[in-house]
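The values are calculated or read from the model by the stated rules, or taken from the named source; none is laboratory data. These figures come from a predicted structure and were not determined experimentally. Using ideal geometry, Cβ is built from the backbone for each residue, glycine included, and neighbour counts are taken over all protein chains shown. Heavy atoms of the whole protein, side chains included, go into the accessibility calculation; ligands, DNA and RNA do not. Shrake-Rupley method; radii C 1.70, N 1.55, O 1.52, S 1.80 Å.
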Amino acid sequence: MSKNHPLTISSWTLGDQCKFEERIAAAKAAGFEGIGLRAETYVDALAEGLHDEDILAILKKYDIAVTEVEYITLWAEDHRSYEQMYKEQICFHMCDLFGVNHINCGLMETYSVEHTAQKLRELCQRAGKYTIGVEPMPYSGIPDVKKGWAVVKGSGCENAKLILDSWHWARANQPFDLELLADIPSEKIVSIQLNDVLPRAYAKAILRDESMHDRCPSGQGIGITADFLKMIKAKGISPKVVGVEVINDEVLSKGVAEAAKINFETTQAVLKAVWPEIAAE
């Protein structure tokens, strides 16, 4: 497996209705080097009756690693629920169990940059040695890379970084222009996620529905994946993970094995054309 940029199938790409070993087998058969797990996916595996030792044994059986852990939410609230605090601790445990160094985080609620940066600072302090990767999403409280960087920079934390997703980038109506990344050190972008977009966006009020049901495989929409990758490469970013996050009901209806195969092949085709060094690793 590539130690530099493992090609990883993100948790939502294979949905939430398959058994743990089925997920792992599909990812491996398709050619992926790593898988992503959400806290919920991990808990689902435990609910199957698996213990941590069983999960590690299945990963070893298929010679594949967990390379992405997600998803801490509601971290900017002044009074967080025990459920959210426990979910955060599960993410920390997963990092320790699987040897993953960063956690994907999002924030749906909108606060000022100052408040959000302070709460990110507190989260980073709790995370300790782990990196907190903040993912801008156009329908969220951190809608674009401008606010995302302002929050990360404002936190003043070495372990606060950004995660950039090509679907979110495009749907935030951001041009694929290096100027938008000019003030951001390349090492402050911990990982990337690849996908493509439909020719026409859903209405703003239901844009999240598009994100959760109708993303396109890389290079299969209007072709923004290549432009996104060119920008990332030109910036000199070295992503710890190259995630494939294609949440698509039609693709997933073909079954997890076929969904994994489609997403591996489409992603590899774009990588070979734009960033062959990663495709060949």
Query - Positions within region 40-60 being aliphatic (A, V, I, L, M) and open to solvent by 50 Å² or more (accessible area, probe 1.4 Å), in sequence order - result: Val43, Leu46, Ala47, Leu56, Ala57
Query raised in the report: So which residues in region 110-131 are open to solvent by less than 50 Å² (accessible area, probe 1.4 Å) and assigned to a loop (DSSP other than H, G, I, E, B), if there are any at all?
Result: Gly128, Tyr130
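So is Ser238 open to solvent by less than 50 Å² (accessible area, probe 1.4 Å) and either at pLDDT 95 or above or under 23 Å from Tyr111 (Cβ atoms) (or both) or not?
Against the criterion (open to solvent by less than 50 Å² (accessible area, probe 1.4 Å) and either at pLDDT 95 or above or under 23 Å from Tyr111 (Cβ atoms) (or both)), Ser238 does not qualify.
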Report task. Please specify each residue of region 132-156 satisfying the condition of being open to solvent by 20 Å² or more (accessible area, probe 1.4 Å) and on the phi < 0 side of the Ramachandran plot. Result -> Pro138, Tyr139, Pro143, Asp144, Lys146, Lys147, Trp149, Ala150, Lys153, Gly154
Query raised in the report: Restricting attention to region 61-82, and to residues there that are within 25 Å of Thr110 (Cα to Cα), out of contact with any Leu (no Cβ under 9 Å at 6 or more places or on another chain) and not in a loop (DSSP other than H, G, I, E, B), which single residue is least open to solvent (accessible area, probe 1.4 Å)?
Result: Tyr71
**Report entry** Matching residues, region 98-141, being farther than 18 Å from Lys240 by Cα, without any contact (Cβ under 8 Å) to a residue 40 or more places away in the chain and of a type in the set (Phe, Trp, Tyr)
**Finding:** Tyr111
Query raised in the report: Is there a residue being under 19 Å from Gly148 (Cα atoms), of a type in the set (Phe, Trp, Tyr) and not in a loop (DSSP other than H, G, I, E, B) anywhere in region 250-265?
Result: no
Report summary line: Checked pairs for region 60-80, first on the phi > 0 side of the Ramachandran plot, second of a type in the set (S, T, N, Q) and open to solvent by less than 50 Å² (accessible area, probe 1.4 Å), C-beta under 6 Å and 6 or more apart or across chains, list as Leu74/Gln84
Query - Residues of region 1-17 classified as open to solvent by 20 Å² or more (accessible area, probe 1.4 Å) and within 20 Å of Glu265 (Cβ to Cβ), total - result: 3
**Report entry** Sole residue being at pLDDT 95 or above, among the aliphatic types (A, V, I, L, M) and under 17 Å from Ala170 (Cα atoms), chosen from Leu271, Leu252, Leu229
**Finding:** Leu229
Query raised in the report: Only one of (1) part of a helix (DSSP H, G or I); (2) in contact with a Gly (Cβ under 8 Å, 6 or more places away or on another chain) is not met by Ser140, so which one is it?
Result: (1)
Requested in this report: Considering every residue within region 163-177, establish whether at least one is assigned to a loop (DSSP other than H, G, I, E, B), crowded, with 21+ Cβ neighbours inside 10 Å, within 16 Å of the chain's Cα centre (by Cα) and touching a residue at least 12 places away in the same chain (Cβ under 8 Å).
Outcome: no
